[in-house]
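Heads up, the thing below is written out as structure tokens.
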Amino acid sequence: MNTPLPVTLADIRAAEARIRGRVRHTPLMVDPRLSGVLLKQEYRQETGAFKLRGATNAILSLSADELARGVVTASTGNHGRALAHGARACGARAVVCLSHLVPANKVQAIRDLGAEVRVVGQSQDEAMAEVARAVAEEGLIEVPPFDHPAVVAGQGTLGLELLADCAAPSSVLIPLSGGGLAAGVAAAVRSLSPSTRLVGVTMARGAAMAASLAAGQPVEVPELPTLADSLGGGIGLGNRVTFAMCRALLDDVVLVSEDEIAEAMRHIRAATGDAVEGAAAVGVAAILSGRVKPGPATVCILSGANVAPETFARIL
Ligand SMILES: *Cc1c(COP(=O)(O)O)cnc(C)c1O
């Protein structure tokens with residue numbers, strides 16, 4: 001007997017009902033210049049990335065007492081943004097802890113979303129220590145960026161949504177970092193369309209989940225600068241949810257180079273008129289480079305739009 005996975009189709013359906021009306025149903029468009037591949041334009045989500053789904057589901061899953069205490073994270077990227085936005089929409093307090101290394105414009109952007117910002121120390125580790133302190137001493141509730149059942153279930157609603165627009169995809173290409181998106185989407189799609197091939201795609205430079213799946217257990221890899229900055233970071237040596245789910249549900253993991261990511265960002269700009277971030281372009285990169293052959297109904301999840309304008313201009 002296989003052990004049951006920590007997040008089921010029922011959990012994802014419950015998440016969908018919980019967050020309905022608080023997240024957008026994003027378009028699925030055909031790309032005629034890429035063999036008719038379907039592009040799931042999730043970068044058009046409120047806050048510019050799918051992270052709003054998981055963060056909102058996690059906040060709405062709290063008890064009234066927990067909600068009154070408020071939520072905390074150390075993420076300054078798309079998850080921090082989503083948590084701040086989701087908390088404000090749900091009337092909850094959000095605290096984002098970060099180090100002095102985070103640029104002032106990013107700090108301001110988080111404040112503008114109504115979150116309380118705590119600037120501590122000189123590293124992400126010190127920011128994480130402040131999160132632990134806030135949890136222990138102030139009773140704040142930590143909402144981590146991926147390794148949490150309610151976060152994974154929320155990201156899984158993206159899988160239900162794409163199936164509503166394409167009932168039986170031949171394959172789905174999912175950007176992969178900590179694996180919250182891949183675990184959630186794969187759980188939904190595997191349950192409802194068992195023959196769909198589920199492929200995690202990530203950058204060749206510093207991909208912790210790919211290395212962990214290859215090693216058969218969570219491992220650490222050095223973090224390197226990459227165009228797909230939203231895919232950086234580890235999966236946690238004590239990973240509880242996403243490693244087991246990605247191992248059980250993904251059929252394959254594909255790595256793409258920096259040049260391939262840049263080329264895919266240019267392609268997506270031409271196909272949609274939109275600027276997406278590197279992390280969102282990895283699926284298209286896998287197809288353009290020939291690493292993945294598209295089937296009759298291949299879906300690429302374009303996960304986020306939060307690219308620095310100067311980075312995008314340099315790539316164009
Ligand atoms: C967080 C993020 C990812 C990766 O999601 P995981 O759940 O960590 O695997 C991919 N793309 C974008 C834009 C993100 O913000």
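What's the number of the only condition in (1) touching a residue at least 12 places away in the same chain (Cβ under 8 Å); (2) outside any strand (DSSP E or B) that L173 fails to meet?
(2)
Quick one: is V71 in contact with a Leu (Cβ under 9 Å, 6 or more places away or on another chain) and assigned by TED's automatic domain parsing to the domain that holds G278?
Working: in contact with a Leu (Cβ under 9 Å, 6 or more places away or on another chain): yes; assigned by TED's automatic domain parsing to the domain that holds G278: no.
Considered against the rule, which asks whether it is in contact with a Leu (Cβ under 9 Å, 6 or more places away or on another chain) and assigned by TED's automatic domain parsing to the domain that holds G278, V71 comes out as no.
Kindly indicate whether any position in the stretch 35-44 is β-branched (V, I, T), over 13 Å from G154 (Cβ atoms) and in contact with a strand residue (DSSP E or B) (Cβ under 8 Å, 6 or more places away or on another chain). Full working, then the answer.
Residues of the stretch 35-44 β-branched (V, I, T): 37.
Imposing the further condition that a residue be over 13 Å from G154 (Cβ atoms) reduces the set to 37.
In the following step, the residues that additionally are in contact with a strand residue (DSSP E or B) (Cβ under 8 Å, 6 or more places away or on another chain) were identified as 37.
Checked against the condition, which is being β-branched (V, I, T), over 13 Å from G154 (Cβ atoms) and in contact with a strand residue (DSSP E or B) (Cβ under 8 Å, 6 or more places away or on another chain), the stretch 35-44 yields at least one hit.
Pairs needed: first member in the stretch 295-308, at pLDDT below 95; second member anywhere, near the ligand (Cβ under 9 Å from one of its atoms) and in a loop (DSSP other than H, G, I, E, B); C-beta distance under 6 Å; at least 6 residues apart or different chains.
From residues that are at pLDDT below 95, the pairs are N306/E277; V307/E277.
So for the stretch 35-44 (the condition being polar (S, T, N, Q), over 21 Å from the mean Cα position of the chain (by Cα), farther than 18 Å from R93 by Cα and not assigned by TED's automatic domain parsing to the domain that holds V282), does at least one residue qualify? Even if it seems obvious, please write down each step before you answer.
In the first step, residues of the stretch 35-44 are kept if they are polar (S, T, N, Q); the result is 35, 41.
Then drop every residue that is not over 21 Å from the mean Cα position of the chain (by Cα), which leaves 35.
The next check asks that each one be farther than 18 Å from R93 by Cα; those that pass are 35.
Those left that are additionally not assigned by TED's automatic domain parsing to the domain that holds V282: none.
Scanning the stretch 35-44 turns up no residue that is polar (S, T, N, Q), over 21 Å from the mean Cα position of the chain (by Cα), farther than 18 Å from R93 by Cα and not assigned by TED's automatic domain parsing to the domain that holds V282.
Could you tell me how many of the residues in the stretch 78-109 are within 16 Å of the ligand (Cβ to nearest atom) and modelled with pLDDT of 90 or more? Explain how you work it out, then say what you get.
From the stretch 78-109, those within 16 Å of the ligand (Cβ to nearest atom) are 78-86, 96, 106, 109; that's our starting set.
Among the residues that remain, those that are also modelled with pLDDT of 90 or more are: 78-86, 96.
Counting residues in the stretch 78-109 that are within 16 Å of the ligand (Cβ to nearest atom) and modelled with pLDDT of 90 or more gives 10.
With touching an Asp or Glu at 6+ places or on another chain (Cβ under 7 Å) and surrounded by fewer than 24 Cβ atoms within 10 Å (Cβ to Cβ) as the only criterion, which of T26, T76 stands out? Give the derivation first.
On the way: T76 fails: touching an Asp or Glu at 6+ places or on another chain (Cβ under 7 Å).
Step by step, each of T26, T76 is checked, and only T26 is touching an Asp or Glu at 6+ places or on another chain (Cβ under 7 Å) and surrounded by fewer than 24 Cβ atoms within 10 Å (Cβ to Cβ).
Rundown of residues vs (1) part of a loop (DSSP other than H, G, I, E, B); (2) closer than 26 Å to T73 by Cβ; (3) without any contact (Cβ under 8 Å) to a residue 24 or more places away in the chain; (4) within 16 Å of the ligand (Cβ to nearest atom), yes/no style:
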position: P6; (1), (2), (3), (4): yes, yes, no, yes
position: E16; (1), (2), (3), (4): no, yes, no, no
position: R22; (1), (2), (3), (4): yes, yes, no, no
position: T26; (1), (2), (3), (4): yes, yes, no, yes
position: M29; (1), (2), (3), (4): no, no, no, no
position: L39; (1), (2), (3), (4): no, no, no, yes
position: L52; (1), (2), (3), (4): no, yes, no, yes
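Do we have any residue at all in the stretch 44-55 that's surrounded by fewer than 21 Cβ atoms within 10 Å (Cβ to Cβ) and on the phi < 0 side of the Ramachandran plot? Please lay out each step first, then the result.
Residues of the stretch 44-55 that are surrounded by fewer than 21 Cβ atoms within 10 Å (Cβ to Cβ), as a first pass: 44, 46.
Okay, now just the ones that are also on the phi < 0 side of the Ramachandran plot, so 44, 46.
Yes - at least one qualifying residue is present in the stretch 44-55.
Give the residue, chosen from V152, V135, that is assigned by TED's automatic domain parsing to the domain that holds L231, modelled with pLDDT of 95 or more and not acidic (D, E). Spell out the reasoning first.
Details: V135 fails: assigned by TED's automatic domain parsing to the domain that holds L231.
Result of the check over V152, V135: V152.
Would you check which residues across the stretch 176-208 are without any contact (Cβ under 8 Å) to a residue 40 or more places away in the chain and either more than 14 Å from the ligand (Cβ to nearest atom) or at negative phi (or both) and list them?
Initial filter on the stretch 176-208 (without any contact (Cβ under 8 Å) to a residue 40 or more places away in the chain): 189, 193-196, 206, 208.
V189, S193, P194, S195, T196, A208, listed by residue number.
Filter the stretch 240-275 for residues that are outside any helix (DSSP H, G or I), on the phi < 0 side of the Ramachandran plot and not acidic (D, E) and give the result.
So the first thing to find is which residues in the stretch 240-275 are outside any helix (DSSP H, G or I), and the list is 240-241, 250-257, 273-275.
Remaining after also requiring on the phi < 0 side of the Ramachandran plot: 240-241, 250-257, 274-275.
If the condition is that a residue be outside any helix (DSSP H, G or I), on the phi < 0 side of the Ramachandran plot and not acidic (D, E), then R240, V241, L250, V253, V254, L255, V256, S257, A275 are the ones that fit.
Among the residues of the stretch 209-239, which ones are assigned to a helix (DSSP H, G or I) and either within 10 Å of the ligand (Cβ to nearest atom) or in contact with a Lys or Arg (Cβ under 7 Å, 6 or more places away or on another chain) (or both)? Can you show your working first?
Restricting attention to the stretch 209-239, the residues satisfying the condition of being assigned to a helix (DSSP H, G or I) are 209-215, 229-231.
Those that are assigned to a helix (DSSP H, G or I) and either within 10 Å of the ligand (Cβ to nearest atom) or in contact with a Lys or Arg (Cβ under 7 Å, 6 or more places away or on another chain) (or both): M209, L213, D229, S230, L231.
Please give the number of the condition S75 fails out of (1) under 23 Å from G178 (Cβ atoms); (2) away from the ligand (no atom under 15 Å from the Cβ); (3) hydroxyl-bearing (S, T, Y).
For S75, the exception is condition (2).
Given the conditions (1) touching a residue at least 60 places away in the same chain (Cβ under 8 Å); (2) more than 12 Å from the ligand (Cβ to nearest atom); (3) surrounded by 24 or more Cβ atoms within 10 Å (Cβ to Cβ), which single one is not true for G70?
For G70, the failing item is (3).
Restricting the first residue to the stretch 269-290 and requiring it to be outside the structural domain of L34 (by TED's automatic domain parsing), which pairs with a second residue that is crowded, with 24+ Cβ neighbours inside 10 Å meet a Cβ separation below 6 Å and a spacing of at least six or different chains?
none
The values are calculated or read from the model by the stated rules, or taken from the named source; none is laboratory data. Only a predicted model underlies this, so the values are computations on that prediction, with no experimental measurement involved. Reconstructed Cβ throughout: ideal geometry from the backbone, glycine too, with neighbour counts over all protein chains shown.
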